[in-house]
Amino acid sequence: MVAGGSDGVGAAFARAMAARGIHVVLVARRVPVLKELADTIAVEYGVQVRTVPLDLAAPDALAELAAATADLEIGLFVYNAGSDDSTADFLDRETPAHLNLVRRNCVTVLEAVHHFGAPMADRGHGGVVLVTSGAAWAGGATRATYGATKAFGLVLAESLWAEWRGHGVDVLALVLGRTDTPSLRRLLGDRDEHLGALADPKDVAEEALTHLADGPTWISGSPDPAGASPLGALSRRDAVIAMSRR
């Protein structure tokens with residue numbers, strides 16, 4: 001299952017899983033994009049693809065997702081939803097916008113990994129990838145709620161790795177750097193000429209699946225992907241200042 005699997009990194013995960021002969025469940029909000037990707041994957045790779053149109057920020061998201069997949073055994077769960085297509089000072093956004101991110105990046109991800117992870121631990125095998133961001137390393141201006149929710153996913157994945165490693169379940173916190181995704185392009189608009197080199201979502205997904213057992217954390221694009229935070233040598237204050245300059 002790929003939650004947030006309509007384009008970008010999520011679509012790349014779906015393709016990489018299908019290329020390995022794994023049947024796929026795609027979960028996303030945009031029905032036309034979801035269906036187009038599902039049809040393409042089914043034809044190209046000869047696997048079964050089920051779509052679940054769903055807003056993962058909805059209060060009943062987990063209930064709908066569980067009902068839509070009750071007949072399936074989910075052996076690999078990738079949670080890739082939760083991008084933020086805009087940057088703004090904390091007070092310049094209304095509270096509902098912040099809560100929307102919290103539900104998508106914290107509440108639903110916690111409910112989903114509990115629901116789908118429990119059977120994996122009982123069976124003694126499975127895999128979970130929680131896609132997070134470099135915004136999780138430290139606080140920073142204009143990214144307060146987004147960074148905080150991504151830090152939640154990072155710590156959750158690392159904790160589950162510690163708990164489930166003895167139960168045959170691999171858990172990986174995948175920390176993305178600058179990756180060429182539609183959400184990043186939407187965020188930057190006409191400022192994308194200053195981006196520099198961007199990671200290819202296909203390479204990111206392949207790297208994560210190849211290193212699924214090398215958790216708890218994998219920093220995509222880093223010279224030391226299993227190493228420490230790139231801001232680890234800084235004081236917390238300096239790290240926040242550095243993040244705010246980005």
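The values are calculated or read from the model by the stated rules, or taken from the named source; none is laboratory data. None of these values were measured; they are calculated from a predicted model. So basically every Cβ, Gly included, is an ideal-geometry build from the backbone, and we count neighbours across all protein chains shown. Quick note on the areas: whole protein, heavy atoms, side chains included, nothing else; ligands and nucleic acids left out. Shrake-Rupley method; radii C 1.70, N 1.55, O 1.52, S 1.80 Å.
Within this structure, ASP84 fails the test of being free of Cβ contacts under 8 Å to residues at least 24 places away in the same chain and either open to solvent by less than 40 Å² (accessible area, probe 1.4 Å) or within 30 Å of LEU234 (Cβ to Cβ) (or both).
So in the range 217-233, with the set limited to residues that are out of contact with any strand residue (DSSP E or B) (no Cβ under 6 Å at 6 or more places or on another chain) and touching a residue at least 40 places away in the same chain (Cβ under 8 Å), which one is least open to solvent (accessible area, probe 1.4 Å)?
LEU231
Exactly one residue out of ALA81, ALA173, ALA151, ALA138 is touching a strand residue (DSSP E or B) at 6+ places or on another chain (Cβ under 9 Å) and part of a loop (DSSP other than H, G, I, E, B): that is ALA81.
The residues of the range 103-126 that are closer than 16 Å to TYR146 by Cα and either of a type in the set (Ser, Thr, Tyr) or open to solvent by less than 50 Å² (accessible area, probe 1.4 Å) (or both), listed by number, are ARG104, ASN105, CYS106, THR108, VAL109.
Could you tell me whether the range 38-52 includes any residue that is under 17 Å from ASP71 (Cβ atoms) and open to solvent by less than 20 Å² (accessible area, probe 1.4 Å)? Yes, the range 38-52 contains a residue that is under 17 Å from ASP71 (Cβ atoms) and open to solvent by less than 20 Å² (accessible area, probe 1.4 Å).
Out of ALA12, ALA57, ALA70, one residue alone is over 25 Å from GLU206 (Cβ atoms) and surrounded by 17 or more Cβ atoms within 10 Å (Cβ to Cβ). It is ALA57.
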